[in-house]
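The values are calculated or read from the model by the stated rules, or taken from the named source; none is laboratory data. As the structure is a prediction and not an experimental result, all values here were calculated from the model. Note that each Cβ is placed from the backbone with ideal geometry, even for glycine, and that neighbours are counted across all protein chains shown.
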Amino acid sequence: MDGQAHAARTMWNCLHDWWTMLPKDKRSLAAADAAIRQARKEIDWLAVLPAQAAQAVLKTYVQAWKNCWEGRADAPNFKARLRTAMSVDIPQGRDLQIKRVHRRWGMVNIPKVGRVRFRWTKDLPVGKLADRENRITGARLIKDGLGWHIAFRVQTLESKPAPHKGPEIGIDAGVSLPLALSDGNHQDHGRPARLLDGTADRDKWLNPEEKAKLLRLEQRAAHRKSFRKPKERSSNRLNHTYDQIKQLRAKATRRAVDWQHKTTTSIARQYGTVVVEALTITNMVKSAKGTVEEPGKNVAQKSGLNRSISQEAWGRTVTMLTY
């Protein structure tokens, strides 16, 4: 799976260079498809990626440009190895061959990998439950610090919901109080944004034991990194320590997203109209360092505030509340 994910990322980067270097009159889906086919024939490690997954990379890249032209996103760019989430798309639902083998586990067929067990967390339209109007159309494999995860795409018919006749509410986002509602029904995750010394708590979603473990791992990583010479590859021990740090970070992110999902679902069920404070978050988290000629003031305090704002992820909360 790692090989397929790296091949998909490299396919995106090669496609991006090919697309941006060609004149506009020579760019087309047919030419891009021919270039991808040729690359998979000539480069062995690109052929690790299944043909359908390679076509999905092309479709995603073209859609990224459409989102840019319509003002919904920035232009596509280069995907760096260390800053890009590893993922592989499986666009054909018939290739998955999903089967439930246990109350908690299921089996799925991954192209060029084989049968893989996954945790069954939600009912899926498989077997007799599947039909033309309710079926699985594909899946996407994503890797984070806790390992590989699979997300299935399901096509289904849903009835149009009735108008929600609940009360109106206004929401003010904050740091000390994440979501302050105008009727006093404030939503708080119970994790302080500041420590006793007044500094920002960047690991507030971890318990004390996990925080202590994270501190030990960071110190161990810094110690092992001190022995690495410039331009020398990291040792296996250092990479293992980095993986342990990623696992704790991923666990904290999961807890934050879980709280946001449950809180926004509760608000959407209780209220009919929700008005959220319009915040320009990118401007709020700008650094106060300033310039050499005009240095900023209270830089450390502003840095801690920026970190606290980023941890609350107000934009993600509004996105969840919207859908």
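See the values below:
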| read-out | value |
| --- | --- |
| Breaking point among (1) surrounded by fewer than 16 Cβ atoms within 10 Å (Cβ to Cβ); (2) assigned to a loop (DSSP other than H, G, I, E, B); (3) hydrophobic (A, V, I, L, M, F, W, C), for Trp18 | (2) |
| Some residue of the range 25-36 being over 21 Å from Val88 (Cβ atoms), in a helix (DSSP H, G or I) and within 27 Å of the chain's Cα centre (by Cα) | no |
| Residue, modelled with the lowest pLDDT, within the range 266-323, restricted to residues that are hydroxyl-bearing (Ser, Thr, Tyr), assigned to a loop (DSSP other than H, G, I, E, B) and surrounded by fewer than 16 Cβ atoms within 10 Å (Cβ to Cβ) | Thr291 |
| All positions within the range 191-225 that are modelled with pLDDT of 90 or more and of a type in the set (Asp, Glu) | Glu209, Glu210, Glu218 |
| Residues satisfying the stated conditions in the range 99-122, i.e. assigned to a loop (DSSP other than H, G, I, E, B) and touching a Phe, Trp or Tyr at 6+ places or on another chain (Cβ under 8 Å) | His102, Arg103, Arg104, Trp120 |
| First in the range 76-105 and within 18 Å of Gly127 (Cβ to Cβ), second anywhere and at pLDDT below 90, Cβ under 6 Å, 6 or more apart | Ile98/Val126 |
| Residue in the range 161-180 that is loosely packed, with under 11 Cβ neighbours inside 10 Å, of a type in the set (A, V, I, L, M, F, W, C) and either modelled with pLDDT of 90 or more or farther than 30 Å from Asn306 by Cβ (or both) present | yes |
| Answer from Ala85, Ala73, Ala56 - the residue that is in contact with a strand residue (DSSP E or B) (Cβ under 7 Å, 6 or more places away or on another chain) and assigned to a loop (DSSP other than H, G, I, E, B) | Ala85 |
| Residue in the range 27-47 that is loosely packed, with under 14 Cβ neighbours inside 10 Å and within 29 Å of Gly147 (Cα to Cα) present | yes |
| The range 108-120 residues that are without any contact (Cβ under 8 Å) to a residue 24 or more places away in the chain, paired with ones that are in a strand (DSSP E or B) and of a type in the set (S, T, N, Q) (beta carbon under 7 Å, 6 or more apart) | Arg115/Asn109 |
